[in-house]
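Structure record follows, encoded as structure tokens.
Every read-out reported here was derived from the displayed coordinates using simple, explicitly stated rules and does not represent laboratory data. Bear in mind the structure is a predicted one, so any value in this text is a computation, not a measurement. Note: ideal-geometry Cβ built from the backbone for every residue, glycine included; neighbour counts use all protein chains shown.
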Amino acid sequence: MRLRVLVLNWRDMNHPEAGGAEKYISVIAEGLAARGHYVTFRTASYPGSVHTESVAGVDFVRSGGRLGIYPRALISQLLRRHRPDVVVDVQNGVPYLSPLTQRVPVINLVHHVHKEQWPVLLGAGLSRVGWFLESRLAPRVYQNCQYVTVSDATRRELVELGVDEERIAVIHNGTDALPFEDVQRTAHPSIVVLGRLVPQKRVEYAIQAVADLSGEFPGLSLDIVGSGWWQSHLEQTVRDLGVEDRVVFHGHVSEAEKHHLLARAWLHAMPSLKEGWGLVVVEAGIHGTPTVAFTEAGGPNDSIVHGRTGLLVDGGAADFTVAVRSLLVDDRLRAAMSTEAREWVRQFHWDESVLKWERLLTATAAEGRTKRSGPRLPFRR
């Protein structure tokens, strides 16, 4: 049967700060719409955005900013502006608390736990509030809800917070169709970083690696792809380290340009403090570009096969530089990892992820219908 699905997420793919989490839920929403389901995507507004529009079969409703989206979404649910069969509540640290207002089943999608990120995002004082919302309040509010996450690493973290393991489904990211363009690697050693430019992504580590290795690799370059409010700080770091001629800030780019930059790089650097999965790891793997990431980031432990498709690093910035150097200096190792990375990512398919979501949503909605009575009301925005 056709389901009426309400998605709550703080950003959509057109938002200037959209990243891998937004791509995941956007692909799932569009996939569900393509299979005949009615999907409404409630999200935050941003400069130049329109309040309502339909894209790829998904109805978007935008209101509120970075924080305003939460009370607005809560009020809209209290007023019954949406009449879904099931709600997908995407918890990016701050919960929407949908179970408090909804009479239908709620699925809580969590990409990763933010414990290490709260101090970076909010400082020592307010970080306690964020961690309380995520670690104490949310598990209570969603205790009877189905959870979805994107990696076994996050599943384990949720269990540590008290979430019933039997209520957690892992549905991985997929991969894009391989572009037809045959892109050659750069003649000189090159690194690419892709993601939002915010402190927790620790792009400084990649810049520092370029500065430290520039003497050994005279042609070494770094492409930084993405945008964010931390960019001015990163640009100052580049100037302070004297590597202006080696680092290029590309800003937000098209999908085609993104894949072009990933395909031509010798390696992909992901020095993030935390990742739920690391979608870019898989996107880089499509092109046989190995990734260097931190073990402590969580998700990359599942998206990278250490020593085969990339490297997982323990330690800090200096250790990250050592790992980057080990790939740049060893052509045979890099070539072997390139082959393994291409083979590894073939198992991840967006179509399969959409089907898993459809089955879960259908089962969850059916379970909810058996627990409530009354006529099925029409769906409206």
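Of everything in the stretch 297-347 that is surrounded by 16 or more Cβ atoms within 10 Å (Cβ to Cβ) and acidic (Asp, Glu), the residue that is farthest from the chain's Cα centre (by Cα) is 340. Looking only at residues in the stretch 50-100 that are touching a helix residue (DSSP H, G or I) at 6+ places or on another chain (Cβ under 7 Å) and among the hydrophobic types (A, V, I, L, M, F, W, C), the one that is farthest from residue 1 (Cα to Cα) is 94. Taken over the stretch 181-216, the residue count meeting the criterion of being within 17 Å of residue 318 (Cα to Cα), among the charged types (D, E, K, R) and either surrounded by fewer than 20 Cβ atoms within 10 Å (Cβ to Cβ) or more than 25 Å from the chain's Cα centre (by Cα) (or both) is 3.
Applying the criterion of at least 3 residues that are under 22 Å from residue 149 (Cα atoms) to the strands (runs of 3 or more DSSP E) found wholly in the stretch 1-109 leaves 4-8, 38-43, 86-90, 106-109. If the condition is being in contact (Cβ under 8 Å) with a residue 60 or more places away in the chain and surrounded by fewer than 19 Cβ atoms within 10 Å (Cβ to Cβ), then the stretch 351-367 contributes 351, 352, 356, 358, 360, 362, 367.
If the requirement is being on the phi < 0 side of the Ramachandran plot and crowded, with 22+ Cβ neighbours inside 10 Å, which of these qualifies: 55, 106, 141?
Numbers: 55 fails: crowded, with 22+ Cβ neighbours inside 10 Å; 141 fails: crowded, with 22+ Cβ neighbours inside 10 Å.
Selected residue: 106, the only one of 55, 106, 141 that is on the phi < 0 side of the Ramachandran plot and crowded, with 22+ Cβ neighbours inside 10 Å.
On the basis of being in contact with a strand residue (DSSP E or B) (Cβ under 8 Å, 6 or more places away or on another chain), among the hydrophobic types (A, V, I, L, M, F, W, C) and more than 28 Å from residue 359 (Cα to Cα), does residue 109 make the cut? I'd like the intermediate steps shown before the answer.
Numbers: in contact with a strand residue (DSSP E or B) (Cβ under 8 Å, 6 or more places away or on another chain): yes; among the hydrophobic types (A, V, I, L, M, F, W, C): yes; more than 28 Å from residue 359 (Cα to Cα): no.
The answer is no for residue 109.
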